[in-house]
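Following: one structure in C-alpha cells, then a few remarks.
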Amino acid sequence: MSGQEAAGQGVLGRLDELGASLSAYRGEMLQSIAETGVMLGNSLLAAVLLGLPMGTWMYLSRKNGPQPRTGVYALLNGYVNVVRSVPFLLFVVALIPFTRWMLGTSFGTTAASVPLAFVAVALYARWVEQTLLDVPRQTVELADSLGASTLQLVTRFLYPEARSGLVLSLTTVTISMVSYSTIMGVVGGGGVGDFAIRYGYQTYEYEVMYATILIMIVVVMAIQGLGTWTSRRIDRRLR
Amino acid sequence: MIELQQVTKSYRRRGTGRRGGEVHALRGIDLTIRDEEMFGIVGESGSGKSSLLRLINHLEAPTSGRVLVDGVDLAQLSPRARRAQRRRIGMVFQQFNLLANKTAFDNVALPLRLQRRRERERVMQMLDFVNMADRAHQHPSLLSGGEKQRVAIARALVTDPGILLCDEPTSALDDHHTEEVMDILGQVRRELRTTIVLVSHELDVVKASCDRAAVLERGRLTAVTDVVAPPPRQAFSSYAERAQRYLA
Ligand SMILES: Nc1ncnc2c1ncn2[C@@H]1O[C@H](COP(=O)(O)OP(=O)(O)OP(=O)(O)O)[C@@H](O)[C@H]1O
Ligand SMILES: [Mg+2]
C-alpha cells in the first residue's frame, strides 16, 4: 500500500467517524441550535424594540443634535458605555440577581437571554446613533423647513434615509450576539457554543467541536449575506 | 408681506481661541418685501444671505429685532403653531435636499403626508407644472441637477404656500439648467402669484428675474434697488445650441 493510499484511507476513515459521531449527536445538536435561536431571537427583539428608540434618542439629544438635552444624552451614553465595557462573562454573573428577580430564575435559555438582551440593546443603540449621524444635515434642515414634528423627523426623514445602514448594523449586532451566546452555558443557557465546548473541551470529541464551529461559520456567513443583500435592495442612494 | 425690523443675528463661534466668540452675521437690517414680488438678495460669500433667508421662516431666531410674516411674529408662537406657520412658506435649497430613498412622486407628496393628506392628483399636478410628470417614479439618483431642482420646487409648492424662499437654487447647475429652473420660478410667480425671495450670488440670474434686490455686505444692507430687466435673452433649446451660439 503506497503512502498516498494510506493517507487517503485515513481521511476517509475520519470522515466516516465524523459522520457517525454527528448522527449520534444529532438530536442534541438540533436542540442546541434551537436554544441559540431563542437567545438570538430574544436579544434581537430587544435590540429593535429598545435599542432603536434609544439610539434615536441619543442622536436627537446629543450636543449639536436636533433636540439637545445634555442630561438625557449623558444617561443613555453612560448605559451604552458601561454595558459595553464590562467583560461579558462578568456581566452575565453580575446580572444573576436581577435576572432572578425579573424571571424568578437565573437558569435556562430564557434567563440567559437577559444579559444578551442588555448587550444587544447597548450595541444597537450605539450603531443607530452613528448611522443617523451619517444622514446629511440637509435632510434635517428640510424636515425643519417643512414644519415636521420630532416624531415625523424620525419616521419620515431619518429612518427612510438611513434604512440600509440600520439593517447593516443590525446584521453586525446579530453576528456579535452569535458569538456572545456561546458562553451562555455558564448559566445553563445551552446553545451551539455550549454544545461544542461540552463535547470538544470536556470529552475530547474534537470532530463534533470542529463540525459545530463549521456550522457556526456557515450561519454567520448566511446572516451577513442576508443583511448585505437586504440593505442593498433598499438603498436607492446610488444607482 | 415680510417685514424685518432692526434685525441682528449673531452666531457663537464654535471652539475657543483668539477668534472665539460672536460672529455678527446680520446687523441692523430693516427690510420690507411686498406680496407677489420677486425679491433678490445678493452679496458675496459669508455676507449673511442665507442667514437672512432662514430668519423669514424662523429656521434661525433673530438675536434681536423682529421678523413679521403677514403681521405674525414667529418668535412669539408656540413651537407647534410655529411649525404650522412654517408650512405656509416653501423653501428651495442649493443642494436640492431630496430624499434619496424616495421617488420624485414621494418626495413631492412628503409635505402633504406630514399633514396626513393623501392627494395623488395634487402631486401629479405639481409634477406636471414643473414638467416632471413622466419621471414621477424615478429616484433622485437618476435625475440631472436641473430635474432634481424642479422636483424640489414642486415639493415646495405642493401645499400652496404664499411665500417661496430660494437659497442659491441655481448655483449647483450649469447655464442651461439654470435657465430652465428660472423659467419655472417665473411661471410660479405669474401663475401662482407666489411671493419669491431669491438668494443668489449670480447677478445675471437676479437681474433677469427679480423686481427688486437687496445688496448685503458683511451683514449690513447697503442698498435696496429696483432691478432694471436686461434685454430679453435669446431662447436656446439645448446647452449645445447655447454654447455654440455663445462661442461662435
Ligand atoms: N450655524 C452657524 N454657526 C456659526 N456661524 C455661522 C452659522 N451660519 C452662518 N454662520 C456665519 O455667519 C456668516 C454669514 O453666513 P451666511 O451663511 O448667512 O452667508 P451667505 O451669504 O449665505 O454665504 P454663502 O454665499 O457662502 O452661502 C458667515 O460668517 C458664517 O460663517
Ligand atoms: Mg448661503
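The values are calculated or read from the model by the stated rules, or taken from the named source; none is laboratory data. Just so we're clear, the structure is a prediction, and the values are computed from it rather than from any experiment. Note that each Cβ is placed from the backbone with ideal geometry, even for glycine, and that neighbours are counted across all protein chains shown. Surface areas here come from the heavy atoms of the whole protein model, side chains and all, with no ligands, DNA or RNA. Shrake-Rupley method; radii C 1.70, N 1.55, O 1.52, S 1.80 Å.
Summary of computed values
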quantity	calculated
Enumeration of residues in the range B:33-68 that are within 16 Å of ligand 1 (Cβ to nearest atom), among the acidic types (Asp, Glu) and open to solvent by less than 50 Å² (accessible area, probe 1.4 Å)	B:60
Options A:135, A:140, A:154, A:121; residue that is at negative phi and within 23 Å of the chain's Cα centre (by Cα)	A:121
Selected residue (only one of A:166, A:170, A:158 is at pLDDT 95 or above and either surrounded by fewer than 18 Cβ atoms within 10 Å (Cβ to Cβ) or farther than 22 Å from residue A:119 by Cα (or both))	A:158
Among (1) assigned to a strand (DSSP E or B); (2) within 16 Å of ligand 2 (Cβ to nearest atom); (3) within 14 Å of chain A (Cβ to nearest Cβ) - the single one residue B:9 does not satisfy	(3)
Complete set of residues in the range A:73-100 that are open to solvent by less than 40 Å² (accessible area, probe 1.4 Å) and aliphatic (A, V, I, L, M)	A:76, A:80, A:83, A:92, A:95
Selection within the range A:46-79 - hydroxyl-bearing (Ser, Thr, Tyr) and in contact (Cβ under 8 Å) with a residue 12 or more places away in the chain	A:56, A:59, A:61, A:73, A:79
Filter pass, residue B:52 being away from chain A (no Cβ under 14 Å), within 29 Å of residue B:207 (Cα to Cα) and touching a helix residue (DSSP H, G or I) at 6+ places or on another chain (Cβ under 8 Å)	no
Residue match in the range A:113-126 (condition: within 14 Å of chain B (Cβ to nearest Cβ), open to solvent by 30 Å² or more (accessible area, probe 1.4 Å) and of a type in the set (D, E, K, R))	no
Residue B:83 vs. criteria crowded, with 18+ Cβ neighbours inside 10 Å and among the charged types (D, E, K, R)	yes
Selection count where residues are assigned to a helix (DSSP H, G or I), open to solvent by less than 40 Å² (accessible area, probe 1.4 Å), more than 20 Å from residue B:200 (Cβ to Cβ) and away from chain A (no Cβ under 14 Å), scope the range B:114-146	5
Residue within the range B:188-203 that is modelled with pLDDT under 95, open to solvent by less than 70 Å² (accessible area, probe 1.4 Å), under 13 Å from residue B:41 (Cα atoms) and in contact with a helix residue (DSSP H, G or I) (Cβ under 6 Å, 6 or more places away or on another chain) present	yes
All positions within the range B:83-113 that are in a loop (DSSP other than H, G, I, E, B), within 7 Å of chain A (Cβ to nearest Cβ), of a type outside the set (Phe, Trp, Tyr) and within 21 Å of the chain's Cα centre (by Cα)	B:87, B:95, B:97, B:99, B:100
All positions within the range B:164-183 that are more than 16 Å from ligand 1 (Cβ to nearest atom), of a type in the set (A, V, I, L, M) and open to solvent by 10 Å² or more (accessible area, probe 1.4 Å)	B:182
Sole exception among (1) without any contact (Cβ under 8 Å) to a residue 12 or more places away in the chain; (2) within 19 Å of residue A:163 (Cα to Cα) for residue A:90, by number	(2)
Breaking point among (1) under 30 Å from residue B:229 (Cα atoms); (2) open to solvent by 20 Å² or more (accessible area, probe 1.4 Å), for residue B:91	(2)
Hey, residue B:71 in contact (Cβ under 8 Å) with a residue 60 or more places away in the chain and either touching a strand residue (DSSP E or B) at 6+ places or on another chain (Cβ under 7 Å) or buried (at least 17 other Cβ atoms within 10 Å of the Cβ) (or both) or not	no
Residue match in the range A:133-149 (condition: acidic (Asp, Glu), within 14 Å of chain B (Cβ to nearest Cβ) and farther than 23 Å from residue A:54 by Cβ)	yes
Tally, over the range B:147-163, of residues that are open to solvent by 40 Å² or more (accessible area, probe 1.4 Å) and either aliphatic (A, V, I, L, M) or assigned to a loop (DSSP other than H, G, I, E, B) (or both)	2
Residue within the range B:6-29 that is among the acidic types (Asp, Glu), under 20 Å from residue B:197 (Cβ atoms) and open to solvent by 20 Å² or more (accessible area, probe 1.4 Å) present	no
Which listed residue, of A:105, A:171, is of a type in the set (Val, Ile, Thr), touching a Ser or Thr at 6+ places or on another chain (Cβ under 8 Å), free of Cβ contacts under 8 Å to residues at least 12 places away in the same chain and closer than 30 Å to residue A:191 by Cβ	A:105
Criterion (over 25 Å from the mean Cα position of the chain (by Cα) and either modelled with pLDDT of 85 or more or part of a helix (DSSP H, G or I) (or both)) met by exactly one of A:11, A:38	A:11
